[in-house]
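J.: Take a look at the following structure, please.
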Amino acid sequence: MTDVLHATAKCCWCQQALAKRDGHWWCQAVACRTRQRAWAIEVHEKRIEGGRFVGYRPRFWWVPLPKQVAFLELPGKRKLLGVAAGPGKSHVSRCGAYRLCLTVPNLSVLLIRKTRPELERTHIRKMRQEQHDLGFTWMEQAKECRFTNGSVIECGHMEDEAAVQKYLSSEYDLIIPEEAVQYPPDALMELMSRARTSHEQVKALGGPWVWLPTNPGGPSHHLLKSFFIDQQPDVEQYPAMATSYQPAQWGYTHATLDDNPYIDPDYEQLSLSGLRKARYAQLRHGDWDAAEGTFFEMFSKASHVRQVDLPTPITGVIEAIDWGYTSPGAWAAYAPVGDGHWHVLGEWKFRQHTPQEVA
């Protein structure tokens, strides 16, 4: 490729620098470009020569970045794009939905933001313009993109009870609650339950799906972290998950500013440098362990977590409990590592259990 290479952005698969061609950033490796092309949107625009129409020529309208493709390729029905600010989560939400709608007839998509103004700023303004490039029709009253093959993207918000109830009485092949961490946990879990389908092609492709592109930090931070990153859902809060939770269905991709070569080089300095330490870690690095108000605010997995080889048999184990009934309680077992540190062998969180039940 005869392109300009980006100084810092690299392919998440082969670590080669991304190269810009015809306005899009591609990996230099053929295999990686093939994966990008599989999700890209190609349009055919008119060729005019000497004032006369002479045919059409293909043009890539959208090419997802490698990290965005990694998210779209995730197996399973639930996919979290847990990102820092800036890796293009809104763009991949909308354009990924376009790509599926153009490919799968009669697809039903729900694209959600928390408030009506956020929805207008982030997606609707762009949809009004993008309909002319992609051939769908924007329905202003219904707030829907309607494609000629019968596919529909419904745009909605969670601003009032009436809006939420509308979604709960419907079913969708794909639900995208963008900035999912900002929704109340119970409302988010209810919304995800409406990803259900009788569409045979969707089933054959592994759906229905829920895509959750979001930054860390918000009401559903710990819910998403437990289901997607730690893959240890709170079975006290969601008891059915004790038997139904399948980790393979809850995929996670992490992205940062460094994965997006389109970002303004001054974005970090001008927009993020004035944030408090924990919030900076969340929005600059997509750090799900950073949270204000925690007892160990300085905790970092990179600095404070390590793999250890325990002696066999394990001896000297102690157990500890922090009691809670209305508020959660916790039990854990610890084994001595031998250098003054202790390794957590296992833990259990509980709530509204009597002492006899806990014992």
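J.: Give me a count of the residues in the range 168-221 that are in a helix (DSSP H, G or I), among the small types (Gly, Ala, Ser), open to solvent by 10 Å² or more (accessible area, probe 1.4 Å) and in contact (Cβ under 8 Å) with a residue 24 or more places away in the chain. Show your work before the answer.
T.: Going through the range 168-221, the residues in a helix (DSSP H, G or I) turn out to be 168, 180-182, 185-192, 200-204, 221.
Checking which are among the small types (Gly, Ala, Ser) leaves us with 180, 187, 204.
Within this subset, residues satisfying the condition of being open to solvent by 10 Å² or more (accessible area, probe 1.4 Å) are 187, 204.
Adding the requirement that they be in contact (Cβ under 8 Å) with a residue 24 or more places away in the chain leaves 187.
Here the count works out to 1.
J.: Identify, please: which residue in the range 308-333 is open to solvent by 70 Å² or more (accessible area, probe 1.4 Å) and part of a strand (DSSP E or B) and is, among those, nearest to Tyr238 (Cα to Cα)?
T.: Trp331
J.: Can you pull out the strands (runs of 3 or more DSSP E) entirely within the range 1-50 that have at least 2 residues that are open to solvent by 30 Å² or more (accessible area, probe 1.4 Å) and more than 23 Å from Ser93 (Cα to Cα)?
T.: Details: elements: 4-10, 17-21, 24-26, 41-49.
The strands (runs of 3 or more DSSP E) meeting that bar are 4-10, 41-49.
J.: Looking only at residues in the range 149-167 that are hydrophobic (A, V, I, L, M, F, W, C) and under 24 Å from the mean Cα position of the chain (by Cα), which one is surrounded by the most Cβ atoms within 10 Å (Cβ to Cβ)? Even if it seems obvious, please write down each step before you answer.
T.: Of the residues in the range 149-167, the ones hydrophobic (A, V, I, L, M, F, W, C) are 152-153, 155, 158, 162-164.
Restricting the remaining residues to those that are under 24 Å from the mean Cα position of the chain (by Cα) gives 152-153, 155, 158, 163-164.
Values: Val152: 19, Ile153: 25, Cys155: 23, Met158: 22, Ala163: 14, Val164: 18.
It comes out as Ile153.
J.: Restricting to the range 229-267, and then to whatever is open to solvent by less than 40 Å² (accessible area, probe 1.4 Å) and under 30 Å from His6 (Cβ atoms), can you tell me which residue is nearest to the chain's Cα centre (by Cα)?
T.: Thr253
J.: When residues of the range 104-148 are filtered for being of a type in the set (S, T, N, Q), more than 28 Å from Gln201 (Cα to Cα), open to solvent by 70 Å² or more (accessible area, probe 1.4 Å) and in a loop (DSSP other than H, G, I, E, B), how many remain? I'd like the intermediate steps shown before the answer.
T.: The first filter runs over the range 104-148 and keeps only residues of a type in the set (S, T, N, Q), leaving 106, 108, 115, 122, 129, 131, 137, 141, 148.
If we keep only those that are more than 28 Å from Gln201 (Cα to Cα) too, we end up with 115, 122, 129, 141.
Still in the running and open to solvent by 70 Å² or more (accessible area, probe 1.4 Å): 129, 141.
Subsequent filtering for residues that are in a loop (DSSP other than H, G, I, E, B) retains 141.
Count: 1.
The values are calculated or read from the model by the stated rules, or taken from the named source; none is laboratory data. Quick caveat, the model's predicted, so the values are computed rather than measured. We place every Cβ from the backbone using ideal geometry, glycine too, and count neighbours over all the protein chains shown. Keep in mind that these areas ignore ligands, DNA and RNA; they rest on the heavy atoms of the full protein, side chains included. Shrake-Rupley method; radii C 1.70, N 1.55, O 1.52, S 1.80 Å.
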